[in-house]
Amino acid sequence: MNLYLDIGNSRIKWALAAANGELLHVGGVENTRFDVLQESFTELAMRSAPQQIIAVSVATDAVYRQTLEIIEACWSLPVQKFGSVAEACGVKNAYSEPASLGADRWSALIGAHRLFDKAVLIADCGTAISLDVLSADGEHRGGYIVPGLQMMRGALHGGTAALPMVGAGRPGIAANTHDAIVAGTVLAAAAAVEHAAVRHGEKADTPLHLVMTGGDADRLSQFITIPFSYEPHLVLKGLVFAT
């Protein structure tokens with residue numbers, strides 16, 4: 001049994017994987033709450049001794065190092081850092097410099113190819129929203145990166161004199177400024193996701209199946225009007241398949 005980690009810009013997610021690939025003891029915490037991470041891993045260490053620990057990280061070096069310190073204290077095992085390569089698990093990287101593709105995106109591509117075996121658009125809706133096109137035969141066609149919901153809202157607040165910083169609210173056409181920002185950012189994100197799926201499906205003359213993942217995927221998926229699959233742990237599953 002191995003321990004897999006997805007260390008992101010906003011959250012740290014983890015899971016143990018059984019021999020058959022099933023994810024067990026899935027958890028997550030904001031990547032500023034190292035006290036909670038310490039408690040969670042201490043409890044997990046009392047129940048399980050993983051053979052290997054594999055991590056994908058797009059967080060800052062400081063977050064990554066602090067996470068490693070907690071892991072070392074709990075298991076005394078080295079962490080294998082997962083990175084992007086030119087080709088693996090039937091997937092070919094579109095980037096001319098393969099290592100420069102975000103390792104979380106690479107893991108998600110591997111996961112989607114294994115799970116769906118068809119042409120897909122992967123929408124990873126986190127701090128940023130990454131959109132990646134993958135053909136049925138595993139050719140990564142490239143992708144897009146756009147600001148996530150909170151990043152959009154922060155830009156509106158920081159770039160204007162009067163617009164507030166907002167969090168949760170009521171999506172849909174709004175009659176007040178707070179809800180207009182909530183609704184507008186959700187609309188913009190959902191439109192980008194859906195447009196990319198439709199546009200590139202038409203270009204390839206092959207419909208793309210939309211795969212939604214990431215922390216805001218559940219929220220955004222309510223405003224998607226085309227068929228999609230929701231895979232909240234796609235990056236972690238990709239790590240399992242790749243290793």
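Mind listing just one residue for me: the one in the stretch 218-242 that is charged (D, E, K, R) and modelled with pLDDT under 95 and, of those, farthest from Val85 (Cα to Cα)? Among them, the one singled out is Arg219. Name the residue that is surrounded by the most Cβ atoms within 10 Å (Cβ to Cβ), counting only residues in the stretch 194-242 that are over 30 Å from Ala19 (Cα atoms) and hydroxyl-bearing (Ser, Thr, Tyr). Out of the qualifying residues, it is Ser221.
Filtering the stretch 152-175 to residues that are of a type in the set (A, V, I, L, M, F, W, C), surrounded by 11 or more Cβ atoms within 10 Å (Cβ to Cβ) and under 30 Å from Glu202 (Cα atoms) leaves only Met152. Of all the residues in the stretch 65-87, those that are surrounded by 18 or more Cβ atoms within 10 Å (Cβ to Cβ) and under 19 Å from the mean Cα position of the chain (by Cα) number 3. With respect to the stated conditions, Val193 fails to be more than 20 Å from Ala108 (Cβ to Cβ), among the aliphatic types (A, V, I, L, M) and out of contact with any Ser or Thr (no Cβ under 7 Å at 6 or more places or on another chain).
For the stretch 92-126, taking the residues that are farther than 30 Å from Gln222 by Cα and either hydrophobic (A, V, I, L, M, F, W, C) or in contact with a strand residue (DSSP E or B) (Cβ under 7 Å, 6 or more places away or on another chain) (or both), the one that is surrounded by the most Cβ atoms within 10 Å (Cβ to Cβ) is identified as Asn93. Taking the numbered list (1) touching a strand residue (DSSP E or B) at 6+ places or on another chain (Cβ under 7 Å); (2) of a type in the set (Val, Ile, Thr); (3) under 18 Å from Gln222 (Cβ atoms) in turn, Ile173 passes all entries but (1).
For the stretch 161-218, filtered to residues that are assigned to a strand (DSSP E or B) and of a type outside the set (A, V, I, L, M, F, W, C), the residue that is farthest from the chain's Cα centre (by Cα) is His209.
Within the stretch 127-151, if we keep just the residues that are of a type in the set (A, V, I, L, M), touching a strand residue (DSSP E or B) at 6+ places or on another chain (Cβ under 6 Å) and under 18 Å from Leu187 (Cα atoms), the residue that is surrounded by the fewest Cβ atoms within 10 Å (Cβ to Cβ) turns out to be Ile145. Restricted to the stretch 1-34, and to residues there that are acidic (Asp, Glu) and under 22 Å from Gly126 (Cα atoms), the residue that is farthest from the chain's Cα centre (by Cα) is Glu30. Within the stretch 10-24, residues that are over 12 Å from Leu236 (Cβ atoms) reach partners that are among the hydroxyl-bearing types (Ser, Thr, Tyr) and surrounded by 11 or more Cβ atoms within 10 Å (Cβ to Cβ) with beta carbons closer than 7 Å, at six or more positions or on different chains, in the pairs Ser10/Thr127.
Taken over the stretch 25-41, the criterion of being crowded, with 16+ Cβ neighbours inside 10 Å, in contact (Cβ under 8 Å) with a residue 24 or more places away in the chain and of a type in the set (Val, Ile, Thr) is satisfied by no residue. Within the stretch 59-102, the set of residues being of a type in the set (A, V, I, L, M, F, W, C), in contact with a Leu (Cβ under 9 Å, 6 or more places away or on another chain) and closer than 21 Å to Thr42 by Cα comprises Ile70, Ile71, Cys74, Trp75, Leu77, Val79.
The values are calculated or read from the model by the stated rules, or taken from the named source; none is laboratory data. Since the model is a prediction, treat every value here as computed from it, not as a measurement. All Cβ positions, even for glycine, are placed from backbone atoms using ideal geometry, and neighbour counts span all protein chains on display.
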